[in-house]
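Working notes, structure below.
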Amino acid sequence: MRLIALIDMDYFFVACEELRHREIRGKPAVVGSDPKREGGRGVVMTASYAARKFGIRSGMPISMAYRIKKDLAYVPQDFEYYEEMSAKVMALVKTYADKFEQVSIDEAFIDISKMASGYDEALELMKGLKKEIREKIGLPCSIGISVNKLMAKMASEGAKPDGIKVVKEEDAAVFLAKKPVGELYGVGRKTSRMLEEFGYRTIGDLAKANPVVLVERFKSYGAELHNSANGIDDSDVQENWEVKSISRERTFGRDTSDRHEIVKAIGDMSKEVGEDLKKQGFAYKVVTIKLRYSDFEENLRSRSLTHRSVDTDEIAQVATQLFDKYMEKGEELRKIGVRISNLAKYKGQKRMTEYA
Ligand code: TTP
Ligand code: MG
Ligand code: MG
């Protein structure tokens, strides 16, 4: 029996902000682009559940959110911080997974078929994960558990906020039947409108529809829609936790144009990156540096080697050459980063460590 779980963080960006802004905890709050800087054209990226009570939603113009709720707390977005929190969450989630597939900044599917032998064990396991995310990171999440990705996702929606829901295979049809078609995973606004025009109002309507008619109306997508509406989904959890790149970044205490200081930072980071590379048994092909200037402008500059390499000294050499070539004269750096990418497992890994 397959057991799949979907972990999705609750009101993710605002929840992250609540961690470092105590004053907005539990209050109606949004994260979004600055309404003043963009002439009020920014949109709400995330709304806390307290804000959702007033009808404030992701994608809504910030100006409208303010009209609805005058004393709404507003926090400007800080993607780097959310990505950092996301990485912490995902690192924990992976430890609970046979297979792990991150599908967005706040969401991942895991296959727990080997870790748990039935619904009860799966539930216990996921309770542990949820508790660990709460205790170690401080963030709330919701978890759906079922026999495939589609149903796990649908179950997680039913668990929100801050809950866990198991939908057994035999209960899938009833669980889905009364929901509006627009809530079916994978159905966007356009498809949803078309489905309604054809008279399929609920997922149950779609499940009972003649698949031949659906294929006539929606081509091959019709068959998929019919399967989804019946809770059927054979797709596997696609592992993506192979490291695709290894990187380090350093923010200087004070903005600097001092070559000596910067090259030393490049050297230190390259060494760390090289150590990770060896540990993980990869060879790399591309070296990239990131230059963040004092005005927050950011440039990435890369060089691709002719062959995949395991030579870790070369990382600092190439990164330094890139720096000398591309650093803008007269500018100061706030931050510098080194990254290696286009990685592949190094077959001679064992031998390399034997001789090292
Ligand atoms: P979601 O998981 O869709 O939403 P959420 O975490 O804010 O709320 P929920 O409790 O319902 O899961 O999206 C995750 C993050 O992605 C969200 O916090 C902000 C970002 N996002 C956008 O930037 N734009 C959008 O339109 C949506 C939907 C999300
Ligand atoms: Mg979420
Ligand atoms: Mg999400």
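Values for this structure:
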{"read-out": "Looking only at the stretch 5-27, and only at residues there that are touching an Asp or Glu at 6+ places or on another chain (Cβ under 6 Å) and assigned to a strand (DSSP E or B), the one that is surrounded by the fewest Cβ atoms within 10 Å (Cβ to Cβ)", "value": "8"}
{"read-out": "Residue ID - nearest to ligand 3 (Cβ to nearest atom), chosen from residues in the stretch 2-26 that are under 30 Å from residue 119 (Cβ atoms) and touching a Gly at 6+ places or on another chain (Cβ under 7 Å)", "value": "6"}
{"read-out": "Yes/no for residue 192 being polar (S, T, N, Q) and within 12 Å of residue 150 (Cβ to Cβ)", "value": "no"}
{"read-out": "Residue satisfying all of: in the stretch 39-58; modelled with pLDDT under 90 and exposed (fewer than 15 other Cβ atoms within 10 Å of the Cβ); farthest from ligand 1 (Cβ to nearest atom) among these", "value": "39"}
{"read-out": "Test: residue in the stretch 258-271 that is in contact with a Leu (Cβ under 7 Å, 6 or more places away or on another chain) and surrounded by 14 or more Cβ atoms within 10 Å (Cβ to Cβ)", "value": "yes"}
{"read-out": "Count - residues of the stretch 299-314 that are modelled with pLDDT under 90 and in contact with a Gly (Cβ under 9 Å, 6 or more places away or on another chain)", "value": "1"}
{"read-out": "Residues that are touching a strand residue (DSSP E or B) at 6+ places or on another chain (Cβ under 9 Å), of a type outside the set (A, V, I, L, M) and either surrounded by 14 or more Cβ atoms within 10 Å (Cβ to Cβ) or not in a helix (DSSP H, G or I) (or both), drawn from the stretch 322-346", "value": "323, 328, 331, 332, 334, 335, 337, 339, 341, 342, 345, 346"}
{"read-out": "All positions within the stretch 299-323 that are free of Cβ contacts under 8 Å to residues at least 12 places away in the same chain and over 23 Å from residue 277 (Cβ atoms)", "value": "none"}
{"read-out": "Yes/no for residue 205 being out of contact with any Leu (no Cβ under 6 Å at 6 or more places or on another chain), under 26 Å from residue 116 (Cα atoms) and either outside any strand (DSSP E or B) or of a type outside the set (A, V, I, L, M) (or both)", "value": "no"}
{"read-out": "Answer from 60, 90 - the residue that is within 16 Å of ligand 3 (Cβ to nearest atom) and of a type in the set (A, V, I, L, M)", "value": "90"}
{"read-out": "Residue 177 being out of contact with any strand residue (DSSP E or B) (no Cβ under 9 Å at 6 or more places or on another chain) and not assigned by TED's automatic domain parsing to the domain that holds residue 125", "value": "no"}
{"read-out": "Where residue 66 falls short, out of the listed (1) away from ligand 1 (no atom under 16 Å from the Cβ); (2) surrounded by 20 or more Cβ atoms within 10 Å (Cβ to Cβ); (3) hydroxyl-bearing (Ser, Thr, Tyr)", "value": "(2)"}
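To keep it simple, each residue is scored yes or no on (1) under 25 Å from the mean Cα position of the chain (by Cα); (2) farther than 30 Å from residue 91 by Cα.
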residue: 204; (1), (2): no, yes
residue: 208; (1), (2): no, yes
residue: 211; (1), (2): no, yes
residue: 220; (1), (2): no, yes
residue: 225; (1), (2): no, yes
residue: 252; (1), (2): no, no
residue: 255; (1), (2): no, yes
residue: 260; (1), (2): no, yes
residue: 276; (1), (2): yes, no
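The values are calculated or read from the model by the stated rules, or taken from the named source; none is laboratory data. In this text, all values refer to a predicted model and were calculated from it rather than measured experimentally. For neighbour counting, all protein chains shown are included, and Cβ atoms are generated from backbone atoms with ideal geometry for every residue, glycine included.
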